[in-house]
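Reviewing the structure listed below.
The values are calculated or read from the model by the stated rules, or taken from the named source; none is laboratory data. Worth saying up front: this structure is predicted, and the values here are computed from it rather than measured. Every residue, glycine among them, receives a Cβ derived from its backbone with ideal geometry; neighbour counts consider all protein chains shown.
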Amino acid sequence: MRRDWRGRRRRRRRRDWRGRRRRDWKGHNIRGRRRRRRRWRSELELLLLLRRAGDPLDHPAIPGMFPNMFPLALVLSLCSGNNTSVAAAKPKTASVAAATPSLLQRNNSVSLVLPPDPVASFAAAQFMPGCLDYCGNISIPYPFGTSKKCYIEENFLVTCNDIHYHPPKLFLTDSTIEIMDIYLSGQLRISSDVAHDCFGEGGVWEDYYDQWIRLAKFPISNTRNKFTAVGCDSYAVISGSQGRKYDTGCLSLCNNITNVINGSCSGIGCCQTSIPKGVRSFNISVRSYDKHTLVWNFNPCSYAFVAEEAAYNFSSLDLANLQNRTKFPVVLDWSVGDQTCAEAKNNLTSFACKANSDCHDFDNGPGYRCNCSQGYEGNPYLPNGCIAIEYDIKNQTCLFSDINECIISSPCNMTCQNLPGTYNCSCPEGYEGDGRKNGSGCSLIPVPSHRLPVINIALGISISISGLLLGGSWVYWVFRQRKIFNLREKFFQQNGGFMLKQQLSKCEGSVQSAKIFTSDDLKKATNNYDESRVLGQGGQGTVYKGILPDNTIVAIKKSNVIDQSQSQIEQFINEVIILSQVNHRNVVKLLGCCLETQIPLLVYEFVTNGTLYEHIHNIDHNRSLITWENRLRIATETAAALSYLHSAASTPIIHRDVKSTNILLDDNYVAKVSDFGASRLIPRDRTQLTTMVQGTLGYLDPEYFHTSQLTEKSDVYSFGVVLVELLTGKKALSFNRPELERNLAMYFVSSMKEDRLFEIVDEQVMNVAKADQLKEVAILAKRCLRVKGDERPAMKEVAMELEGLRMMEKHSWVNDNNDLEETHYLLGDQLSNAYGDGNNRSNSAAYDSMANHIISPTDGGR
């Protein structure tokens, strides 16, 4: 404590010479005014700390904490143009902390900086004046509206029903699609029903419901939603025709509730698949295989629905009754107009993005979206909608401007200049640098004591730096090339490259062997895997069109995953050898592979004219261009190829996935059997294998499906379905047909029993083919579709009968019954030589390890 010359304590002078308190010219107590100023500053700092910590500014404790502070809710209501409190101005479902603007003091004003959350943005900047802004607790931001001049176009009309619902509910246009949330970021959430198929005890059907939604403008978000099926005896199909046409689905099976894994939708009790881009509609059908008779005690129903991915997490409790849930949220993407940003900007009158906003092209359909520019917040679709708000305490007025980053974040070392939407940092005279705290900052320019030969020093430094950069770049290039070389060697060895070389050396000179391509060869062939070279794409991988240096056009399969265990690698190498030795004109040939990548690449013969499925079902034509003569020949060639695989190969091969999408056609409509990803080799001493069921619904052998016993007759059944497709022109499985006609094989067999063959035969075939010949082909198809495999003919027998029918068509003298014995004598040896007695020792197969190396056509497939 300081003392005076008398030794007494010195006290600060609080009063004048008369002993009265010191006051300013207005008569206010100076000491009190300083206290109030300090308190105001500390209160504002504390308020900012609370805001950064996430506390709501309208918390009940704040008025008690700041008794001398101006009413915060009043400031917000003044700037928003109403006299309600902040809490009343926000929807009840919005986060209070997230929706409340933060405060920043600038001289005598307080800035309200709007949060970026599109759901809880400040209400005053979201709605068109004079329009309904809320329906119950759902905000209705522009460009949406409930009446004319309140929405930007007809598709953005929403209907608030406050007559039949309390609280009111919001619906899209005048439909029954309920809206749950609208986001200015370009998405809205709707409610969608669950499709179901329920049975009572003993398989008695009780109830079913197929869900569908069709949207005129807004596509279903392919990134936010999933198609899900729940059940232990269920398969579900989803299709759509508006926007992108598509058909997909999934299969869900289980025998016991203990096998179910909570949180997993991998096909055991629950399965999921993605929604493609550009989809504006969906039809959902869910059905059961065995009417839930085996699982009825814990799963009486099958369920299927489209839902926001984050809104559903599978649980074993869902198998009973989906926990009484009948609706799930679905997220839609929305955009304005049907032009790109560049096209829309040509007409500024109709251009939806207003001042201080940026335009972005829509990635899920036509149109574009608007966002406020950096430094601005609000609604970019409203005039002057992208703003920040300041409240001048002294003059009690609201000011509208951009966010002042110089005050908010103090990004500069010395001089900061606020600019519309941004800021600029600079250094004063005598300093150098960019002036940014996260940059080089500002540093004092050193003053040299004496001048040096600046030019020589600069030249020396430049040469040194250039030399260092050049040397460093060379070292880096050498190191990178060595790393790439070592990585390729590692992959080559890991994928069994040395083993394949040994096998190929043994086969030299006997038959044409597989070629080992380098990764550089295939990169050049596909133009570095350019998107324009994609032939087909699916869950297993992508097929690219490649052009080799000798101008040979090939199909290159780039798979997603592969089992790289030692046993599977040995099988893979064996299969490559076998597939490359196939020498049948009606089997797609494997030319070689590349083992220098993490997952091996396979190179196949390129077939030019698409799949049989596309030609039968008029994918690119108003009607099928395949004549009956070509159809019969394609069936004969396919049967010959399968007969070759079953009986002429050194080791019999079962294709396991025969269907019209796996039969390719060249320009002359010559058939090529493809896709050996599911094929299996059958040793000579065995007639069947026990495997996991694999195939395609509609073509799958029912005996194989129920017993898991794979035989050659499984291919015979699948071929029978293809034969019926060629006869009728109908798809193997279609949920658009009546229930009794959905499965083509069952419908065909029942029609044959009822002698209604000519009612289901394709009209084009009926006009050309002879009735007797059609009956013979139909009887053969019926034999192939018998339920018991032992009762079906062998593939060799099927091929011989089809070839005989073709001969009878070409040579009318064959139909003469008097010469029947001579005909059999003349054709018998010829047919026998064609199907099974040849000397070619070529083979074609693929184990399950090849499941990731199939050629999937662009349209159709598994």
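Looking only at segment 152-174, residues that are free of Cβ contacts under 8 Å to residues at least 12 places away in the same chain and under 30 Å from the mean Cα position of the chain (by Cα) come to 0 in all.
Yes or no, residue by residue, for (1) assigned to a helix (DSSP H, G or I); (2) touching a residue at least 40 places away in the same chain (Cβ under 8 Å); (3) among the polar types (S, T, N, Q):
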position	(1), (2), (3)
Asp715	yes, yes, no
Tyr747	yes, no, no
Asp755	no, no, no
Asp772	yes, no, no
Ala778	yes, yes, no
Val787	no, yes, no
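For (1) more than 22 Å from the chain's Cα centre (by Cα); (2) within 26 Å of Leu319 (Cβ to Cβ); (3) outside any loop (DSSP other than H, G, I, E, B), each residue gets a yes or a no:
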site	(1), (2), (3)
Cys198	yes, yes, yes
Ala216	no, no, no
Ser234	yes, yes, yes
Ile238	no, yes, yes
Asp247	no, no, yes
Leu251	no, yes, yes
Asn255	yes, yes, no
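Among the conditions (1) surrounded by fewer than 16 Cβ atoms within 10 Å (Cβ to Cβ); (2) under 24 Å from the mean Cα position of the chain (by Cα); (3) not in a loop (DSSP other than H, G, I, E, B), Glu206 misses just one, which is (2). Based on what the data block shows, is Arg280 closer than 21 Å to Pro366 by Cα, outside the structural domain of His706 (by TED's automatic domain parsing) and not hydroxyl-bearing (Ser, Thr, Tyr)? Yes; evaluated as a whole, the condition is true for this residue. Of Arg756, Arg786, all but one fail to be modelled with pLDDT of 90 or more and under 42 Å from the mean Cα position of the chain (by Cα); the exception is Arg786. Is it the case, given these coordinates, that Leu332 is at pLDDT below 95 and either in contact with an Asp or Glu (Cβ under 9 Å, 6 or more places away or on another chain) or aliphatic (A, V, I, L, M) (or both)? When the stated conditions are applied, Leu332 does not pass them.
For (1) modelled with pLDDT under 85; (2) of a type in the set (S, T, N, Q), each residue gets a yes or a no:
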site: Cys370; (1), (2): no, no
site: Asn379; (1), (2): no, yes
site: Ile403; (1), (2): yes, no
site: Ile408; (1), (2): yes, no
site: Thr415; (1), (2): no, yes
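Residue by residue, here is whether (1) in a loop (DSSP other than H, G, I, E, B); (2) within 36 Å of the chain's Cα centre (by Cα); (3) without any contact (Cβ under 8 Å) to a residue 12 or more places away in the chain holds:
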site	(1), (2), (3)
Gly592	no, yes, no
Leu602	no, yes, no
Thr608	yes, yes, no
Ile626	yes, yes, no
Ala635	no, no, no
Ala639	no, no, no
Leu645	no, no, no
Lys672	no, yes, no
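Considering segment 318-335, and only residues there that are more than 23 Å from the chain's Cα centre (by Cα) and touching a residue at least 24 places away in the same chain (Cβ under 8 Å), the residue that is nearest to Glu178 (Cα to Cα) turns out to be Thr326. Ala778 satisfies every condition listed in (1) more than 17 Å from Ala732 (Cα to Cα); (2) in contact with a helix residue (DSSP H, G or I) (Cβ under 9 Å, 6 or more places away or on another chain) except (1).
Is it the case that some residue within segment 205-225 is out of contact with any His (no Cβ under 8 Å at 6 or more places or on another chain) and over 24 Å from Tyr246 (Cα atoms)? The answer is yes; a qualifying residue exists.
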